[in-house]
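**Student:** The structure under discussion is supplied below as structure tokens; questions concerning it will follow.
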Amino acid sequence: MPTPRVNEEADELGMDTNGMLIMVQSEMVDGGIGGGVDEGFGPLADEFARNFTERGEIGAAFAVYQDGRKVVDLWGGYRNGNRRTPWAEDTIVTVYSSTKGVAGLLIARARDGGQIEYDRPVADRSPRSWCRQSPSTSRGRTRC
């Protein structure tokens, strides 16, 4: 697969106005890809493009911050399923259920670190919880 080509103007200057080292432009993806990545983050731009060319993605945006600085800022494809309106840098989207996986990971890490026990009653950790009404309710059997 060809790699996204670097914007010649950004290549000459070394940086774009947002401080990104490499501007990404690609017409190989229907709707195109725009944005930029810092040096060393090119493989992320390649994977982003593969989401469209190999995995059937319609439209997406992706950003990575490292030490408080944006090092990846990519967008591409289309904003809608009818493929008429290209995804833009400022496209607004609704994100559903994005925190469930992160919350699950944090809970599992807290358990591994000994901060919580799955079988310990929830009321022990959360005195104002509705679970106080049923003190034997444990995290393993609770959805709170």
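**Student:** So, of the residues in the range 39-74 that are closer than 22 Å to Val95 by Cα and in contact with a Ser or Thr (Cβ under 7 Å, 6 or more places away or on another chain), which turns out to be surrounded by the most Cβ atoms within 10 Å (Cβ to Cβ)?
**Tutor:** Only one residue tops the list, namely Ala49.
**Student:** Between Ala103, Ala110, which is within 30 Å of Phe52 (Cα to Cα), part of a helix (DSSP H, G or I) and at pLDDT 90 or above?
**Tutor:** That would be Ala103, the only listed residue that is within 30 Å of Phe52 (Cα to Cα), part of a helix (DSSP H, G or I) and at pLDDT 90 or above.
The values are calculated or read from the model by the stated rules, or taken from the named source; none is laboratory data. As the structure is a prediction and not an experimental result, all values here were calculated from the model. Note: ideal-geometry Cβ built from the backbone for every residue, glycine included; neighbour counts use all protein chains shown.
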